[in-house]
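Student: Sharing a structure here in structure tokens format.
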């Protein structure tokens, strides 16, 4: 038997074995896909003595548990979901007390479901939409990312969205979020981040600009043709200060 038929028989045997095991051929010896990395999130209540619009619930840091998801996803996006489980007791304090005049439906005042309330909030940074992987941010560098914060109130679902440029659900009047790498590991991967407003449109929350604020779009999410459609409720000024560390 020549070499070519022998090689054919070997390959055919391997393919038959992989089919029997229901494994794709490329899985043989392929590297495992990157995994999500747990992070600890610290959400500040004040900055320079100024109350912030996104604050903690007073129960300490947010860790990745069976009821709260706190991770940097494998694609390099940050996610903190306090509604990850129906048994979750963690919340985020949301303050909608700083509306942007004339930004509501039809150019009227913004419509808020409350002024201040504790809510189960899910943050997602979606940095990959701006071609950013948070693990690859160099030490001391700051990048721009869109961030959404979704929450339920009563029977309704809402979302605060900050994404002025690219991707889905772009709201040009809003600000992106600044994410700064504070520390790297021995492999030069970022392992600590600071998340704060860029303030390009929201400006300063205090005269000396030590606290910045973003313009964020509040949308009510309604069911339409089998999906969720955002209905503009108006814009709000939002300040926040969030630190992330691994694990």
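Student: Tell me whether the stretch 58-69 contains one or more residues that are modelled with pLDDT under 95 and surrounded by fewer than 19 Cβ atoms within 10 Å (Cβ to Cβ).
Tutor: Looking through the stretch 58-69, none of the residues is modelled with pLDDT under 95 and surrounded by fewer than 19 Cβ atoms within 10 Å (Cβ to Cβ).
Student: With the requirement that a residue be in contact (Cβ under 8 Å) with a residue 60 or more places away in the chain and surrounded by 22 or more Cβ atoms within 10 Å (Cβ to Cβ), what does the stretch 162-178 give you?
Tutor: 162, 174
Student: If a residue must be within 19 Å of the chain's Cα centre (by Cα) and surrounded by 19 or more Cβ atoms within 10 Å (Cβ to Cβ), how many such residues does the stretch 199-227 contain? Quick ask: steps written out before the conclusion?
Tutor: We begin by selecting, within the stretch 199-227, every residue within 19 Å of the chain's Cα centre (by Cα); these are 199, 213-221.
Checking which are surrounded by 19 or more Cβ atoms within 10 Å (Cβ to Cβ) leaves us with 199, 213-219.
Result for the stretch 199-227: 8.
The values are calculated or read from the model by the stated rules, or taken from the named source; none is laboratory data. Worth saying up front: this structure is predicted, and the values here are computed from it rather than measured. Glycine also receives a Cβ, built like all others from the backbone with ideal geometry; neighbour counts cover every protein chain displayed.
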